[in-house]
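S.K.: Sharing a structure, written as structure tokens. Questions coming.
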Amino acid sequence: MKITPALQRRLEKAARDAAKNSYSPYSQFPVGASVLTESGKVFTGTNVENASYGLCNCAERTAIFSAVAAGQRVLKCVVVYTPTLRPTSPCGACRQVINEFGPKIPVIAICDGEERLETTLDMLLPGAFGPHNLEEGF
């Protein structure tokens, strides 16, 4: 599936809109994400914090888990929005989860400033461990 400029704008708007539902009372850092699946469906997520900090969930993983819960297993693009002047790329845990469902997909980070980050997951997580490692045998 080709990511046209119109589709990219749709994904970016979805990520920005998702951030509005962030539950981030501790960090005050609302994040929104959108993921495009192989079927063309778009899923969104936001960060959900918890007083027990280790139980927080990032926006990217929330969006991906929603897609998987709906039966979608192949990602085609991830967009992350942060209300910052410079784009913020996904954390390590999110990169690993993205790798599970889209090891070479585009990852786009947008913000309130002019800058944007457009890269691919394999550039953000080179040499990643994934399903292919388990298929190689022991």
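The values are calculated or read from the model by the stated rules, or taken from the named source; none is laboratory data. As the structure is a computational prediction, the values presented were derived from the model and not from experiment. So basically every Cβ, Gly included, is an ideal-geometry build from the backbone, and we count neighbours across all protein chains shown. The area values use the complete protein model at the heavy-atom level, side chains included, leaving out ligands, DNA and RNA. Shrake-Rupley method; radii C 1.70, N 1.55, O 1.52, S 1.80 Å.
S.K.: What spacing in nm lies between the two simple spin-label points modelled at Leu55 and Val74, each 7 Å away from Cα in the Cβ direction?
M.R.: About 3.7 nm, to one decimal.
S.K.: Using a 1.4 Å probe, what is the accessible area per residue for region 35-115, in Å²?
M.R.: On the way: 3650 Å² over 81 residues.
Per residue, region 35-115 has 45 Å² of solvent-accessible surface.
S.K.: Looking at Phe43, Tyr26, Gln96, which one has the Cα that reaches farthest to the positive end of the dipole of the chain (charges on Cβ: Lys, Arg +1; Asp, Glu -1)?
M.R.: So the residue furthest toward the plus end is Phe43.
S.K.: Label Gln96 and Asp17 with points 7 Å out from Cα along Cα→Cβ: what is the distance between them in nm?
M.R.: 3.2 nm
S.K.: Then there is this: Would you work out the charge dipole size for the chain about its Cα centre, treating the Cβ of every Lys and Arg as +1 and the Cβ of every Asp and Glu as -1, and quote it to the nearest 20 debye?
M.R.: Values: 14 positive and 13 negative charges, 84 e Å.
Dipole magnitude for the chain comes out near 400 debye.
S.K.: Let me ask another. Compute the signed sum of charges (Lys and Arg +1, Asp and Glu -1) over the other residues within less than 15 Å, Cβ to Cβ, of Glu100.
M.R.: Values: positive: Arg61, Arg73, Lys76, Arg95, Lys104; negative: Glu38, Glu60, Asp122, Glu135.
That sum, taken over residues with Cβ under 15 Å, equals +1.
S.K.: Let me ask something else. What figure, in Å² to the nearest 10, do you get for the accessible area of Thr44 with a 1.4 Å probe and non-protein molecules left out?
M.R.: Its accessible surface works out to 70 Å², give or take rounding.
S.K.: Another question about this same structure. In whole percent, how big is the carbon plus sulfur part of the accessible area of region 87-138, probe 1.4 Å, protein atoms only?
M.R.: Numbers: 1730 of 3050 Å².
It is 57 percent, rounded to a whole number.
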